[in-house]
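So the structure is just underneath, and the comments pick up after that.
No value in this document is a laboratory result; all are computed from the given coordinates. What you are looking at is a predicted structure, and each value in this text was computed from that prediction instead of being measured. When we count neighbours, we look across all protein chains shown, and the Cβ atoms used for this are built from the backbone with ideal geometry, even at glycine.
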Amino acid sequence: MDKKQAQERITELKNSLHQYGYEYYVLDNPSVPDAEYDEKLQALQQLEEQFPDLITADSPTQRVGGEPLDAFKKVTHSVPMLSLSNAFNETDLRDFARRASQGTSQALSYVCELKIDGLAISLTYENGKLIRGATRGDGTTGEDITSNIKTIRSVPLSIREKRKIEVRGEAFMPHKSFLALNEAKEENGEEPFANPRNAAAGSLRQLDPKIAASRNLDVFLYGVGEWDADPIESHSERLTLLKELGFKTNPEWKKCDTIEEVIEYVNYWTSERPNLSYEIDGIVIKVDDLKTQEDLGYTAKSPRWAIAYKFPAEEAITTLTDIELSVGRTGVVTPTAILEPVRVAGSTVKRASLHNEDLIQAKDIRIGDTVVIKKAGDIIPEVVRVVEEKRTKEQQPFHMPSECPACGTDLVRLEEEVALRCINPNCPAQLQEGLIHFVSRNAMNIDGLGEKVIKQLFQADLIETIADIYRLERNALLQLERMGEKSVDNLLKAIEASKSNSLEKLLFGLGIRFIGAKAAKTLAAHFETMEHLQKATFEDIIAIDEIGEKMADSVVRYFAEEKVTDLLQELNNLGVNMTYTGPKQTTEAINSELTGKTVVLTGKMENFTRNEAKEIVESLGATVTSSVSKKTDIVIAGEDAGSKYDKAEKLGITIWDEQKLQEVVER
Ligand code: IVH
């Protein structure tokens, strides 16, 4: 075959394969048996091998190509990718309709669509060819994930529209692919994905496109970004046009002429949702007429012409088989409910924090009870209530022990706190947790020393204090199970390397109360050496802008302990660096998720009093106010948060739990 004949045959094969692929992956309606597709694909592959300069980027053989990337490039969205405001009930939907109708005399029509629970993507085509696939990112800047997007079979590599067009939609993982992936992960001893959304996002974040290709992702497209030649007048026409151009659109959309019809659609899908082969988390309602959309315009974050109805948090019923007690680094004893595994909101729940005894008493939770579980904010598992009718005489009221489950010391309840604490400084559980914290990423960051190895070393009596880490010897390590020569050498290298960490990592690693990674950095940059900080007075420390009274007090108390002086001396003798080697810190450089935010605190926290929490949040640059309004950016909710929580949920305001606050503080 000469080159000209090859070219003709290649075009023919590509056209057929393109058509078959479209029927199979986009329409879900194949017209030929799989074998015929495979045969043609093979023929094309062979011809392309013979004539490599005839390979084009849109050839079906090129879906999985290229080497793994080092990093994703950034992409700026020429039209920002906004999010939607939320509706939680019929009243919110009617309010939306009322707001949208103001200013027009015409009756409005709406398009209702399923809200696919995946991640937003943007596809750009030039000269009819897919040239870029990108994530939403923060809405302004996303990441170029073209090589991964190309592996999704339902994404056309070429279209007939030759003018530049940017199409937007949702990439997701169907249930079937999700279940198969998690099964394989579990078989390999890997941690399964919590839900299909995480699995889809995790797959598209892989630098090697072969991984995304193996994950069987799918897309639904529902909008356009940049498109000069947009010839249409309504969203429903747009969906039809996208379909005609060869894009996969979701078939369940419906045009509704009244808000009553919208509500009917919402109710229908609330009950039909479990029968879909993919996850949805709500319904998106859009004003159909594009001119009206334009008139309604946008707020800073979202269009006024659309709203997302969010399904209520899914609940499930299961048995609480045990209450496990764990002792944290600071001695707080936390009860955790152990549950008969149950699926809720897209993932399997096996445990739920019960926080403290007050909460257990308030809900009268007992071992053996049948309980209702939900995921707060669809993320954190929570025991909602006990199903009293299922209770027999077997279940006895639960009481926290009066002694530490790890060391037997009497537990105490500090003033203003709901938590019970073990105040034995030598409690083995606390020591272990302290060691785990010391080696963690934001602290000394010692590779190869994870939770498991720390516990192993602790149980083998090789370490008790953090100084012991720097005294570990090769021969002793080699005696341990699962420790080969190579891992021992790597571990010792990582420990040695950590000695030259800048001061803030050590300071954070020490685990001083209220001193998170940020405060540690501020202190290290300010005092420059451990010696200066050890000598600093309360007044010296409080003089620093970002450091509040509680923090300063905690630092002074910590360094006043003789044990601490000895430990630092030991670490110094072992060669651990005690000097700040990072850049000179300016106040502007301190930037946290809380900087500039308006925050409301509500409910009871376990580890902070209200004043402590306020002080810490303010030290990170946030303003704390007392009531929830549209101006509130974040509501931080402890236990029994009540009406402020409800209001925040209604207004679609970001809600954090105490754990999230803790994470941000420690970052
Ligand atoms: S329309 C201007 N339609 O929901 C916003 N979004 O909070 C245009 N989503 O980021 C979005 N299904 O990732 C739209 N049928 C659908 C959707 C949908 C899922 C996601 C999308 C967006 C988020 C909105």
In which sequence would Ile283, Ile469, Ile55 go, from the one with the fewest C-beta neighbours within 10 Å to the one with the most? Ile55, Ile469, Ile283
Over 24 Å between Cα atoms: which of Lys40/Lys129; Lys254/Lys650; Lys301/Lys518; Lys493/Lys660; Lys452/Lys518 fall into that group? Lys254/Lys650; Lys301/Lys518; Lys493/Lys660; Lys452/Lys518
Using square roots of five times the C-alpha gyration tensor eigenvalues, list the equivalent-ellipsoid semi-axes of region 519-667 in whole Å, biggest first. 34, 16, 13
Give the order of Ser619, Ser16 when sorted by the count of other beta carbons within 10 angstrom, beginning with the fewest. Ser16, Ser619
By count of other Cβ within 10 Å, fewest leading, how are Cys407, Cys112 ordered? Cys407, Cys112
Note the per residue figure in Å³ for the convex hull of the C-alpha positions in region 445-547. 106
Estimated vicinal HN-Hα couplings, Hz - region 498-513 in sequence order (Karplus 6.51, -1.76, 1.60; Gly, Pro = x): 5, 4, 9, 4, 5, 3, 5, 5, 5, 4, 5, x, 5, x, 6, 4
Rg/Rg_globular for region 1-119, with Rg_globular taken as 2.2 N^0.38 Å and Rg from C-alpha atoms: 1.76
Between 0 and 90°, nearest 10: helix 34-50 axis offset from the chain longest Cα axis: 90
Give the residue from Leu431, Gln293, Ser122 lying farthest towards the positive end of the charge dipole for the chain; charges sit on Cβ (+1 for Lys and Arg, -1 for Asp and Glu) and the dipole is referred to the Cα centre. Gln293
Karplus-derived HN-Hα couplings along region 242-248 (A = 6.51, B = -1.76, C = 1.60, θ = phi - 60°), whole Hz, x at Gly and Pro: 4, 5, 4, 6, x, 8, 7
Angle, helix 259-272 long axis vs. longest principal axis of the chain, Cα atoms, 0 to 90°, nearest 10? 70
Rh_Kirkwood(region 87-181) over Cα pairs, Å, one decimal, evaluates to 16.4
Using helices alone, I'd like the mean residue ellipticity at 222 nm for the chain: each DSSP H run of four-plus residues gives -39500 (n - 2.57), total over residue count, nearest 500. -10500 deg cm²/dmol
Within region 383-474, list the GluC sites (Glu not before Pro) lying in a DSSP loop whose Cβ has at most 11 other Cβ atoms in a 10 Å radius. Glu394, Glu415, Glu416, Glu473
Quick check: Cα centre of region 180-230 to Cα centre of region 294-312, how many Å? 26
Hey, how many Å between the Cα centroid of region 19-76 and the Cα centroid of region 631-667? 47
Each residue of region 412-417 in turn: what ³J(HN,Hα) in whole Hz from Karplus with 6.51, -1.76, 1.60 and θ = phi - 60°, glycine and Pro shown as x? 10, 10, 6, 3, 6, 9
Please report, in Å, the Rg and the Dmax of region 129-242, where both are computed over Cα atoms only. 15.9, 53
Need the C-alpha centroid separation for region 362-413 versus region 542-566, integer Å. 36
What share of Cα pairs, in percent, lie more than 31 angstrom apart in the chain? 64
Can you list which of the trypsin sites (Lys or Arg not before Pro) found in region 246-316 are DSSP loop residues with at most 15 other C-beta atoms within 10 Å? Lys301
Go through the chain and flag any cysteine with no other cysteine's C-beta closer than 4.7 Å, please. Cys112, Cys256
Net dipole in debye of region 115-251 [+1 Lys, Arg Cβ; -1 Asp, Glu Cβ; about Cα centre; nearest 20]: 380
How far is helix 90-101 tilted off the main Cα axis of the chain, in degrees rounded to 10, range 0 to 90? 50
